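Single-structure report; data block below.
The values are calculated or read from the model by the stated rules, or taken from the named source; none is laboratory data. Computed from a predicted model, the values in this text were never measured in an experiment. With ideal geometry, Cβ positions are generated from the backbone for all residues, glycine too; neighbour counts draw on all protein chains shown. SASA here: full protein model, heavy atoms, side chains in, ligands and nucleic acids out. Shrake-Rupley method; radii C 1.70, N 1.55, O 1.52, S 1.80 Å.
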Amino acid sequence: KQEVTQIPAALSVPEGENLVLNCSFTDSAIYNLQWFRQDPGKGLTSLLLIQSSQREQTSGRLNASLDKSSGRSTLYIAASQPGDSATYLCAVKTGANNLFFGTGTRLTVIP
Amino acid sequence: NAGVTQTPKFQVLKTGQSMTLQCAQDMNHNSMYWYRQDPGMGLRLIYYSASEGTTDKGEVPDGYNVSRLKKQNFLLGLESAAPSQTSVYFCASTSSWGSNQPQHFGDGTRLSIL
C-alpha cells in the first residue's frame, strides 16, 4: 500500500523567508502528485498538480518538484506571507481510483 | 461559483442513529468521492463514483453506504452510527475517472457521534 509522509508536521517562519515543504512516498508507480492547501475549518484547495512525466510545476510564488525514482516531492514557497499560513497536504494518485494523502505540514508565517 | 457543496456543515448524533450526508457539485463532473479526515491520519477514501449510477468501495467503506442517482449529487449514509465514525467528512469531484485533473473539495461535514 502506498504510504505518504510529510516532514515536518509543523513549521514556523518569519515573513519574507523562502521555505521548502517535503513529501515522500513509498511506491514510485504514480500517475500524479498534488499539493493542496487546507485552511482551518475548510476543505482542500488544489495548488499544483505534477504529472508523473513532469519534473516540476510553478504557480506564482509556488514551485513543486517531483523525483519519482526517489519517491520525493518538494513544495517551495518564495517570499512567504502571513496569508500563506495553512496546512499543506500532498497526495499521490496511484492507479485510476485513489489518492493517498500525507498528514500535512502546518505552516505559520509570523508577521 | 459554488463548486462542491456539502450539507450539513455540523452534526451530532447518538450511537445507533442513522443519517445521510449530502454532496452536490455544479461543475458537470463525472467522478465523485467521499473521504474522511481524522487527526494524525491522512484523508482516507470511503467510497467513490466513477460516473452517474456507479459506486465502488474505497479504503474504509465499512459502516457506510452511498448513492449516486443524479450526476450532480453523491450521498453518504451512516447505517448505524458508531463513535469511531466521529470525523470530518469531505466530498470531492473531478472531471472524469482516471484523469489528470485535480479533485475539487467541499468544505466538509464535521460529525460527532456520542
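Please get the size of the charge dipole for the protein assembly as shown, origin at its Cα centre, with Cβ charges of +1 on Lys and Arg and -1 on Asp and Glu, quoted in debye to the nearest 20. Before the final figure, lay out each step's value.
On the way: 18 positive and 16 negative charges, 52 e Å.
Around 240 debye, computed over the protein assembly as shown.
Using only protein heavy atoms and a 1.4 angstrom probe, determine the accessible area buried between B and A, summed over both sides, in Å² to the nearest 100. Intermediate results must be reported in sequence, preceding the final value.
Values: alone 6120 and 5940 Å², together 10350 Å².
That pair of chains buries around 1700 Å² in total.
Mind checking which of B:Q11, B:M41, B:G53 is farthest towards the positive end of segment B:1-91's charge dipole, using Cβ charges of +1 (Lys, Arg) and -1 (Asp, Glu) about the Cα centre?
B:Q11
At a probe radius of 1.4 Å, what is the per-residue accessible area of B:T20, in Å² to the nearest 10?
70 Å²
Determine, for each peptide in A:6-13, A:62-69, A:101-108, the mean count of other beta carbons within 10 angstrom over its residues, then list the peptides with the highest first.
Values: A:6-13: 13.5, A:62-69: 17.2, A:101-108: 20.6.
In descending order of packing, they fall as A:101-108, A:62-69, A:6-13.
Accessible surface of B:L114 in the full protein assembly, 1.4 angstrom probe, to the nearest 10 Å²?
It works out to around 130 Å².
For the charge dipole of the protein assembly as shown, defined by +1 on Lys and Arg C-beta atoms and -1 on Asp and Glu C-beta atoms about the Cα centroid, which residue among B:A2, B:G108, B:L78 has the Cα displaced farthest towards the positive pole?
Towards the positive end, the residue furthest out is B:L78.
Work out the mean other chain Cβ neighbour count within 10 Å for the residues of A:61-73 and drop it here as an integer. Numbers along the way, then the final one.
Numbers: counts 0, 0, 0, 0, 0, 0, 0, 0, 0, 0, 0, 0, 0.
Mean number of neighbouring Cβ atoms from other chains: 0.
How large, in percent, is the carbon and sulfur part of the accessible surface of chain A at a probe radius of 1.4 Å?
Details: 2400 of 5080 Å².
The nonpolar share, carbon plus sulfur, comes to 47 percent.
Tell me, how many Å apart are the Cα centres for segment B:75-96 and for segment B:36-52?
What the calculation gives is 7 Å, centre to centre.
So what are segment B:1-52's ellipsoid semi-axes, whole angstrom, largest first, if each one is the square root of 5 times an eigenvalue of the alpha-carbon gyration tensor? Provide the component values of the computation, followed by the final result.
Working: eigenvalues 98, 47, 29 Å².
Semi-axes (√(5λ), whole Å): 22, 15, 12.
Aspartates and glutamates within cross-link reach of A:K1: Cα-Cα under 16 Å, excluding same-chain residues under 8 positions apart?
Correct list for A:K1: A:D27, B:E59.
Can you pull the Kirkwood radius for chain A, inverse mean 1/r over Cα pairs, to one decimal in Å? Could you put the intermediate results ahead of the total?
Working: mean 1/r = 0.0718 Å⁻¹.
About 13.9 Å, per the Kirkwood formula over Cα pairs.
Counting only protein chains, not ligands or nucleic acids, how are B:M41, B:M27, B:M32, B:M19 ordered by accessible area (probe 1.4 Å), most first?
On the way: B:M41 85, B:M27 60, B:M32 0, B:M19 30 Å².
Greatest to least solvent exposure: B:M41, B:M27, B:M19, B:M32.
Can you compute the modelled spin-label distance between B:T7 and A:D27, with each label point 7 Å from Cα toward Cβ, in nm?
Distance between label points: 3.8 nm.
Given a 1.4 Å probe, how much area per residue of the protein assembly as shown is accessible, in Å²?
46 Å²
Of all accessible surface on segment B:1-72 at a 1.4 Å probe, what whole percent is carbon and sulfur?
That share works out to 48 percent.
Principal axes first, then extents: for the Cα atoms of chain B, list largest minus smallest coordinate on each axis, whole Å, largest first.
The principal-axis extents, from largest down, are 38, 26, 25 Å.
Just want to confirm a number: the relative contact order over chain B, from Cα pairs under 8 angstrom separated by 6+ residues, in percent.
Values: 297 pairs, mean separation 40.9, N = 114.
Computed value for chain B: 36 percent relative contact order.
List the lysines whose Cα lies under 30 Å from the Cα of B:K71, skipping any in the same chain that are fewer than 8 positions away.
Output for B:K71: A:K42, A:K93, B:K9, B:K57.
Please compute, for peptide B:79-85, the average count of beta-carbon atoms on other protein chains lying within 10 Å of each residue's beta-carbon.
Numbers: counts 0, 0, 0, 0, 0, 0, 0.
Mean shielding count: 0.
Under a no-solvent Debye model with one identical scatterer per Cα of segment B:53-114, what's log10 I(q)/I(0) at q = 0.13, 0.18, 0.24 Å⁻¹?
Each listed q corresponds, in turn, to -0.42, -0.79, -1.26.
What percentage of all Cα-Cα pairs in the protein assembly as shown are separated by more than 28 Å?
Details: 7525 of 25200 pairs.
Of the Cα pairs, 30 percent sit more than 28 Å apart.
Looking at the protein assembly as shown, what % of its DSSP beta bridges pair antiparallel, to the nearest 5?
Details: 71 of 80 bridges.
About 90 percent, rounded to the nearest 5.
Run the paramagnetic zone check for B:S96: 7 angstrom along Cα to Cβ, then residues of segment B:20-56 with backbone nitrogen under 18 Å.
The answer is B:27-33, B:49-54, whose backbone nitrogens lie closer than 18 Å to the label point.
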